[in-house]
Amino acid sequence: MYPNDGFRELERQECLRLLAKAPVGRIVHTRQALPAVLPVNFCLDGDGAVLLRTSAASELARAVAGSVVAFEADEVDAARSSGWSVVVTGRATVVTDPAEQERLARTGPRSWVPSPEEVFVRIEPELVTGRELVGGRTAYGA
């Protein structure tokens with residue numbers, strides 16, 4: 001980002017605070033060597049990890065297990081030309097520890113499309129970046 005470009009870089013803690021308020025995000029992964037983007041509901045764990053809940057048989061669970069992925073959420077106010085976007089990049093793993101699965105069954109995200117066998121996917125926040133568009137104002141005018 002450049003000075004006066006209309007964007008403000010967000011600190012990690014602010015990024016996580018904004019993410020915690022977003023109801024839906026997008027997971028970006030690789031499918032057959034091409035980028036794939038899926039909207040998902042999610043929540044953040046206490047350490048800032050992104051948690052997803054999906055069918056154990058889903059393509060998503062198979063595609064992301066052990067892979068580096070990106071996760072993005074945003075909020076846009078088109079009338080005010082403002083908003084923010086946060087990206088978390090990190091390794092995704094399917095949670096296999098029984099105690100952790102039990103904890104997440106109580107505290108983790110609820111699936112919007114429940115299935116008989118579900119798994120939790122954890123994205124470790126290795127890189128957290130974000131920016132805010134400040135009312136469409138730049139050095140070049142509104």
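Structure data summary
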| quantity | calculated |
| --- | --- |
| Hits in the stretch 87-101 - residues which are open to solvent by 60 Å² or more (accessible area, probe 1.4 Å) and either touching a residue at least 12 places away in the same chain (Cβ under 8 Å) or assigned to a helix (DSSP H, G or I) (or both) | 91, 98, 99, 101 |
| Residues located in the stretch 105-118, provided they are over 17 Å from the mean Cα position of the chain (by Cα) and surrounded by 14 or more Cβ atoms within 10 Å (Cβ to Cβ) | 118 |
| Residues of the stretch 14-29 satisfying the condition of being exposed (fewer than 14 other Cβ atoms within 10 Å of the Cβ) and of a type in the set (Val, Ile, Thr) | 24 |
| Residue check for residue 122: modelled with pLDDT of 95 or more, buried (at least 19 other Cβ atoms within 10 Å of the Cβ), of a type outside the set (A, V, I, L, M, F, W, C) and under 15 Å from residue 49 (Cβ atoms) | yes |
| In the stretch 1-41, the residues that are within 15 Å of residue 89 (Cβ to Cβ) and not aliphatic (A, V, I, L, M) | 12, 15, 25, 26, 29, 30, 35 |
| Of all residues in the stretch 30-57 being within 14 Å of residue 18 (Cα to Cα) and assigned to a strand (DSSP E or B), the one that is least open to solvent (accessible area, probe 1.4 Å) | 50 |
| Unmet requirement for residue 113, which otherwise passes all of (1) part of a loop (DSSP other than H, G, I, E, B); (2) in contact with a helix residue (DSSP H, G or I) (Cβ under 9 Å, 6 or more places away or on another chain) | (2) |
| Test: residue in the stretch 77-86 that is open to solvent by 40 Å² or more (accessible area, probe 1.4 Å), part of a loop (DSSP other than H, G, I, E, B) and in contact with a strand residue (DSSP E or B) (Cβ under 8 Å, 6 or more places away or on another chain) | yes |
| Residue that is touching a residue at least 40 places away in the same chain (Cβ under 8 Å) and over 16 Å from the mean Cα position of the chain (by Cα), where the choices are 80, 62 | 80 |
| Candidate set: the stretch 62-76, residues that are farther than 16 Å from residue 25 by Cα and assigned to a helix (DSSP H, G or I); chosen: the one most open to solvent (accessible area, probe 1.4 Å) | 62 |
| Residue in the stretch 65-84 that is under 20 Å from residue 9 (Cβ atoms) and of a type in the set (Ser, Thr, Tyr) present | yes |
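The values are calculated or read from the model by the stated rules, or taken from the named source; none is laboratory data. Treat the numbers as computed from the prediction; the structure is a model and nothing was measured. A quick note on method: Cβ atoms are made from the backbone with ideal geometry, for glycine too, and the neighbour counts reach across all protein chains shown. Side chains included, ligands, DNA and RNA excluded: accessible areas come from the protein's heavy atoms. Shrake-Rupley method; radii C 1.70, N 1.55, O 1.52, S 1.80 Å.
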